[in-house]
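Written below as structure tokens is the structure these notes are about.
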Amino acid sequence: MTCDDARVLMHGHLDGELDLAADLEVQRHIEECPQCVSEYAAIRAMRTRLKDEEFRFEAPAALKEKIRRAIPATPSRPAAYPSRRGTWMPRAIRVAIPMAIGAMLVLIIAPRTIAPPLDQRLADEVVASHVRSLMATHLMDVASTDQHTVKPWFNGKLDFSPPVTDFKNDGFPLVGGRLDYINGRPVAALVYQHGKHVINVFMWPSTGATTSAMRIETEHGYNVEQLTTAGMNCWVVSDLNQQELEKFAGLIGGKG
Ligand SMILES: [Zn+2]
């Protein structure tokens, strides 16, 4: 979303007139854009000011009376609906169709926009760890493209055995692994490569539900994907584009 778009849409946002997707997009832009946040604050301040008592005027009694006389008298009884037998059916359908369309829209839009956000603290932690691994000379403790070397390397170093698979044939070769520390515990970090991009996969046993919910988000310019697979909580981080990272996460989740 550009600032120009945001400036047009922020009025609708303030009035609650936007659809959910646009509303969230504007909200996000305003939160991230210093120019738009001040513009938004100014509009809000103006609205508040306009609601002030000192801007309200009581209409003179004569004017009220004049308006009242100008409005045609309302009929005493509302126009009756045709009361033929069977009319309930089309009316029910007339009500049901917009409701069904609304429900369908919710079903289509909801999974994308109402999905719970990534655990912010954990997402920050894995991104920080990813950046650290790239900056320092500590990308790998065990440098090997052989999954049969990497997997046993973790034995005795962790109280769980992470699943280690090489996805070389899919364009994501395994290059090594290391121990890392996330969420207050030692975790396995598997390192993959795709072209010049490094992908870190952090794994530790999942405590919650073992559903393989997959969520992707951008944090500080890195794409982060969280999924649960084979009882493991997996966080995939890279500067790789979302589409390719999603493909890779699909491989990790056994759905590639
Ligand atoms: Zn902006």
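The values are calculated or read from the model by the stated rules, or taken from the named source; none is laboratory data. Computed from a prediction, not measured in an experiment: that's the story for all the values here. Quick reminder, even Gly has a Cβ in these numbers, built from the backbone with ideal geometry, and neighbours come from all protein chains shown.
How do the strands (runs of 3 or more DSSP E) wholly within region 180-228 filter down when requiring 1 or more residues that are of a type outside the set (S, T, N, Q) and modelled with pLDDT under 80: which remain? Break it down stepwise before answering.
Values: elements: 185-194, 197-205, 215-219.
Once the strands (runs of 3 or more DSSP E) in region 180-228 are filtered for at least 1 residues that are of a type outside the set (S, T, N, Q) and modelled with pLDDT under 80, what remains is 215-219.
Out of all the residues in region 167-187, which are surrounded by 18 or more Cβ atoms within 10 Å (Cβ to Cβ) and over 26 Å from the mean Cα position of the chain (by Cα)?
Residues of region 167-187 that are surrounded by 18 or more Cβ atoms within 10 Å (Cβ to Cβ), as a first pass: 167, 172, 174-178, 180, 182, 187.
If the condition is that a residue be surrounded by 18 or more Cβ atoms within 10 Å (Cβ to Cβ) and over 26 Å from the mean Cα position of the chain (by Cα), then PHE167, LEU174, VAL175, GLY176, GLY177, ARG178, ASP180 are the ones that fit.
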If you go through THR74, THR48, the only one that is modelled with pLDDT of 75 or more and of a type in the set (Ser, Thr, Tyr) is THR48
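Residues are listed down the side, and each one gets a yes or a no for (1) modelled with pLDDT under 85; (2) of a type outside the set (A, V, I, L, M, F, W, C):
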site: ILE101; (1), (2): yes, no
site: ILE109; (1), (2): yes, no
site: THR113; (1), (2): yes, yes
site: ARG121; (1), (2): yes, yes
site: VAL126; (1), (2): no, no
site: LYS157; (1), (2): no, yes
site: PHE160; (1), (2): no, no
site: THR165; (1), (2): no, yes
site: ASP170; (1), (2): no, yes
If the Cβ limit is 8 Å and pairs must be 6+ apart or interchain, which residue in region 3-23 that is closer than 20 Å to GLN35 by Cβ and in contact (Cβ under 8 Å) with a residue 40 or more places away in the chain pairs with which residue that is within 11 Å of the ligand (Cβ to nearest atom) and of a type outside the set (A, V, I, L, M, F, W, C)?
-> none
Screening HIS29, HIS11 for residues that are under 18 Å from THR218 (Cα atoms) and either surrounded by 14 or more Cβ atoms within 10 Å (Cβ to Cβ) or near the ligand (Cβ under 10 Å from one of its atoms) (or both) leaves only HIS29
In region 184-201, how many are within 14 Å of VAL237 (Cβ to Cβ), of a type outside the set (A, V, I, L, M, F, W, C) and in contact (Cβ under 8 Å) with a residue 24 or more places away in the chain?
-> 4
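Would you point out which residue out of THR218, THR229, THR145, THR207 is farther than 26 Å from GLN120 by Cβ and hydroxyl-bearing (Ser, Thr, Tyr)? Even if it seems obvious, please write down each step before you answer.
Working: THR218 fails: farther than 26 Å from GLN120 by Cβ; THR229 fails: farther than 26 Å from GLN120 by Cβ; THR207 fails: farther than 26 Å from GLN120 by Cβ.
Exactly one of THR218, THR229, THR145, THR207 is farther than 26 Å from GLN120 by Cβ and hydroxyl-bearing (Ser, Thr, Tyr), namely THR145.
Is it the case, given these coordinates, that GLU39 is part of a helix (DSSP H, G or I), near the ligand (Cβ under 10 Å from one of its atoms) and more than 23 Å from the chain's Cα centre (by Cα)?
Details: part of a helix (DSSP H, G or I): yes; near the ligand (Cβ under 10 Å from one of its atoms): yes; more than 23 Å from the chain's Cα centre (by Cα): yes.
Yes: the conditions hold for GLU39.
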Given the conditions (1) in a loop (DSSP other than H, G, I, E, B); (2) small (Gly, Ala, Ser); (3) surrounded by 15 or more Cβ atoms within 10 Å (Cβ to Cβ), and given that ALA22 satisfies all but one, which numbered condition is not satisfied?
-> (1)
